[in-house]
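Bear in mind that the values in this text are calculations on the coordinates, not laboratory data. Because the structure is predicted, anything quoted here is derived from the model rather than measured. Using ideal geometry, Cβ is built from the backbone for each residue, glycine included, and neighbour counts are taken over all protein chains shown.
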Amino acid sequence: MINKRLLIKNLLAHNDENSFYDKKRKVDITHKEGKAKFLKHVCALSNSNPKNNSYIVIGVEDEDNKIIGVSFFDDSKIQNLINAYLSNPPIVQYENIPFPHLPDDKVVGLVTIRPINDITSLRKNIWKYYGGSVFFRDGSISMPKVFDIEIKDLNSNIVAAIESHSQNNIEYTLDGVFDFMNKRKDYNPKYKVFKEYFVLCWSGQKKEIKQNVYYSRVDIELINEQVRLFFSKLDEVTISYDDSSFKIIEYVLLGLQNEKKYYQLEETIINFEDNAHYNIETNLLFQPPQFNKVILHHIYNANNTILEKLKKGQSLTKSEHVDLKNLPATYLICYLNSFDNAIDKLIEAKPFLKKTSIQVYDSYLDAIRVLRKVKYS
């Protein structure tokens, strides 16, 4: 089993970006340009590596390989995005890898692209790239190319050596458990061994509501691979497990004004098998709440007024400051109630919300996360 933290270190130490791995400071797939660039790199790396895995490391400075991290990214629907836009799509896995020196809410993103030994191309137009385009890696650059010869296997031996030097061992596992238990000692840390092989650690603030146990500030890590499987600062989560599986159900708090309630969002089940393999199954449980359209029109127009004031640098009234705190959630509710332009307005508001406060920006990130789960399900 590969220790993904060690794999990232070995990739960064190997040499600069090349035809089997790329590195990015950040990736943003909330808009067409970001989606298009991400798809281009996946396409190019897949085509350039017909026999071996290829990788994208996210959260690294380009100049000096400094690890700065990015926010936790829920990858459960990223394969749906790949399948929607690429012909002969590769299997793509996005994992969140914690590093000890990073803040709690930061990880390094690791995208693994499995080999398919076939030509991957864009299925349809996106941004400035045309459907049918084929990309390859030219050194450290993803370029469109016309191909008329067999793709050569140039990297299998190199990648195999890097992966071999990134294998986990007992020392790494024990160190990972001790590090997690010490770092999360204020949030009731626990661990469990599944199938005598997998070590899962988790923590969270526990609270009971009507005989139901919920957790917030939940952190779940698969120690064998140094992968953070789940992280949430705000949402309520229920946790259950048996000898071969671990289940998480996320809840999202939505509503208007003071009338808010928790809705089931998504169920994640980690199944551990006897053959030293595991798989993660996700099921969307979310049923969007429906509200009075007249009230939503009023809220939607009020949000738009606040956004225009933010864009022009104008001062907000006292009541508008209150509405600003709820703006990401209410734009999301409007979108879920068939106000199709609401999500474009929310994305347009991103830079202004980021300047407002950490709390408001966290609310924006949470709204985008819910949208991504719903959109690609």
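Brief remarks follow.
- With a cut-off of 12 Å between beta carbons, the residues surrounding K207 carry a summed charge of +1, where Lys and Arg count +1 and Asp and Glu -1.
- Going from the residue with the fewest nearby Cβ atoms within 10 Å to the one with the most, S338, S203 rank S338, S203.
- Backbone N atoms of region 196-233 closer than 20 Å to the 7 Å Cα→Cβ label point of K261 belong to residues 208-215.
- Around E33: net Lys/Arg minus Asp/Glu count, Cβ-Cβ under 11 Å: +4
- Order of S363, S164, S71 - criterion: other Cβ atoms within 10 Å of each residue's Cβ, fewest first: S164, S71, S363
- Taking other C-beta atoms within 10 angstrom as a stand-in for reagent exposure, R217, R137, R372 fall in the order R217, R372, R137, fewest first.
- Label-point separation, V213 to A84 (7 Å along Cα→Cβ), nm: 3.8 nm
- The Kirkwood radius of region 293-375, taken over pairs of alpha-carbon atoms, gives through the Stokes-Einstein law at 10 °C and 1.306 mPa s a diffusion coefficient of 126 µm² s⁻¹.
- Built amide H within the under 5 Å cut-off of Y21, gap 5+: Y55
- Radius of gyration, Dmax [the chain; alpha carbons; angstrom]: 22.0, 66
- For region 189-320, dividing the convex hull volume of the Cα atoms by the residue count gives 164 Å³ per residue.
- Averaging over all projection directions, the Cα-based convex hull of region 237-377 occupies 10.0 nm² in the image plane.
- When each of K66/K355; K40/K355; K32/K373; K206/K354 is checked by Cα-Cα distance, pairs over 20 Å: K66/K355; K40/K355; K206/K354
- Student exercise, region 293-375 dipole from Lys, Arg, Asp, Glu Cβ charges, in Debye to nearest 20: 180 debye
- For the cross-link pairs K35/K106; K233/K293; K37/K77, the ones whose C-alpha atoms lie over 29 Å apart are K233/K293.
- 5 angstrom amide H check on I68, placed H, neighbours 5+ away: V60, E61
- Environment charge at K192 (Cβ cut-off 14 Å; Lys +1, Arg +1, Asp -1, Glu -1): -1
- In region 4-164, one over the average inverse separation of all distinct C-alpha pairs is 15.9 Å, which is the Kirkwood hydrodynamic radius.
- Extension gain for L102 to E61 (0.36 nm times residue separation, less C-alpha to C-alpha distance): 13.4 nm.
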